[in-house]
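Comments concern the structure below.
The values are calculated or read from the model by the stated rules, or taken from the named source; none is laboratory data. These numbers come from a predicted model, not from an experiment. Using ideal geometry, Cβ is built from the backbone for each residue, glycine included, and neighbour counts are taken over all protein chains shown. For the accessible areas, the whole protein counts, side chains as well, though only heavy atoms, and no ligand, DNA or RNA atoms are used. Shrake-Rupley method; radii C 1.70, N 1.55, O 1.52, S 1.80 Å.
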Amino acid sequence: MVFITAGCLSEIQLDERSAIDLLKRALEVKPRDAQFMNMLGTSYLRSGQDLEAEQLFTSLLADNELSQTLWNSGWAGAVHEKLAIVKLRLGTEGNDVDRLNDARHLLQTADEFEGLTDVSPLRHGQIAAVDFSLGRYAQAVTGYERALSLLNNESTQRVWNSEMINKMKAEYTMELGQIYFIQGHKEKSELTMKLAIDHAKASSDPLLFKTMKAIYDNTIDGTEVDLGDFNEIRRIPLE
């Protein structure tokens, strides 16, 4: 039980390396524990080990007994969402249409458990990101616009602080600007991406601000930018 307790604490504190090691040992003690499998998959996701996270979450959902445990415990929606995030990353990196379609389906399935589509800017943004990656630009624009509208609601502002709201506004607005650029609306694109930079500045996150400026320069002027150090940004909240 020492491994199990330590693994839980490490995962909660986002010490991913320790969490992964300790949760693996915990699963040696309790190999079919849905909670620990979920926690290990989450640590894989947070540490960028997407293939490992994809394999673990997939096996968790494919097992009828474990899946029922997730349903009974109220974790099913979150696991579907996290697997969708992994598939979105892998699908975007590898231009894998099957993974991207899987991601969209998983997000919609998550809604069956959580009922978030009509109220959550995050869910609209997640699905819009999949549509963007799939080249479904009209659908992506609709999704991002809906997400941005919901971010201005008082109810949303009670859930997230202003820093998180501005981060989400920066991301969704920048991706809208990129779509406008792809569609040939350069002036509209430029104005939209400048607004995204303003949101990033308001978030008080210097790394996000630097990233938004780099994307703007790369899109509008074709400036080559090394984005290698910018992967510290967690583009989509996990919980």
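Can you give me the % of accessible surface on region 142-217 that is carbon or sulfur? Probe 1.4 Å, all protein chains present, nothing else counted.
Here it works out to 50 percent.
Ignoring ligands, DNA and RNA, what percent of the accessible area of region 53-125 is carbon or sulfur (1.4 Å)?
Here carbon and sulfur together make up 46 percent of the probe-accessible area.
Along the Cα→Cβ direction, 7 angstrom out, place labels at LYS24 and LEU191. What is the inter-label distance in nm?
Label-label distance for LYS24 and LEU191, simple model: 5.4 nm.
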